[in-house]
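Asker: Please read through the structure below; I'll follow up with questions.
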Amino acid sequence: MKTILLLLAASLCSTLAYAQTTLSGKATDAITGEPVIFAAVALYKQGVLIAGTETDFEGNYAFSPIEPGTYELEASYLGFAKKRITDVKALAGKANRMDMEMSFEGIVLETIVVTEYKVPLVEQETCYSNCYITSEQIRNLPTRNLNALTSATACWGSPLEAEKDGGQEIHMRSCRSCDCAYYIDGVRVSGCSLPECEEPEAAPARPLKPALPPLRAKYFPNPASGPFYLRLEEGLSRLAIRNPEGKLILETGQLDMGDHEFSAENWAPGLYLLELHQGRDVTVEKLVVAR
């Protein structure tokens, strides 16, 4: 009888130790220290996926309860290099912790060099055409009157109107001065000073579009290592799946309501983005593929 009681006590202690063993931590940017939210975190043991989760708004993750032992942690997120930590000890009955710093992995673009660009000294932009007068042309003309300058281009001026204001306003044929835009040394200037040419009041702001209701769809299992399923309570016009680099992995046409099976058997482990299209509305979900 005593032996049976000892065995029951040992079994109870082992169960309590297993139930209290946890592993948690925080994923942060290695440069700024800011939390990396919604990063996919996978837990492996001897190369076999045990569980998967994602970080919250504070960058925290947690696996509970787990069996004591040695694990491997892997975190991935779009724009960051994949972070993998080996030899993670999970002591029995302990709240084990392992924080992770993730490094940004950007795309390097080639250098763009602007060799030369010359802005005309005077540029007149009408409703129908663009007219230019360069500084060299102005120096070769016998006048400095604005209307005389414009008449030297394809945009003819109005000499009669020029006599009324002494050439202070620019009068274009079939166009009021405030109907045109003028640029001097690349700087936009007003085309008129008349009250009727004042800028109209800004139109009232449009009301914000109400938020779209959440898409009624489920996908499982997540993480996936082979087949995974998409359960739709309403149809989709298109489904697109992309890898962390943004490359299109899978694309379908219209999907009806119900269960749809897909295979991730040949996909590389990591985070994938599911684009669920309903007409012009798009919902993006995250899927973790592990081995």
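Read-outs throughout are calculated quantities, based only on the coordinates presented, and are distinct from any laboratory measurement. Model, not experiment: these values are computed from the prediction. Cβ placement follows ideal geometry from the backbone for every residue including glycine, while neighbour counts extend to all protein chains displayed.
Asker: Where Lys and Arg each count +1 and Asp and Glu each count -1, what net charge lies around residue 102 among other residues with Cβ under 12 Å from its Cβ?
Answerer: Taking every other residue near residue 102 into account, the sum is -2.
Asker: For 53, 32, 115, what's the fewest-to-most ordering of other Cβ within 10 Å of each Cβ?
Answerer: Ascending number of Cβ neighbours within 10 Å: 115, 32, 53.
Asker: Between segment 223-280 and segment 39-75, how far is it from one alpha carbon centroid to the other, in angstrom?
Answerer: So the separation of the two Cα centres works out to 24 Å.
Asker: How charged is the neighbourhood of residue 85? Take every other residue with its Cβ under 15 Å from the Cβ of residue 85, and add Lys/Arg as +1 and Asp/Glu as -1.
Answerer: +2
Asker: Sorting 48, 88 on the 10 Å Cβ count, fewest up front, what's the list?
Answerer: Fewest-to-most ranking of 48, 88: 48, 88.
Asker: Now for a separate question. Shape of segment 217-289 from its Cα gyration tensor (a ≥ b ≥ c, root eigenvalues): rounded if a/c is under 1.5, otherwise prolate when a/b > b/c, or oblate?
Answerer: oblate
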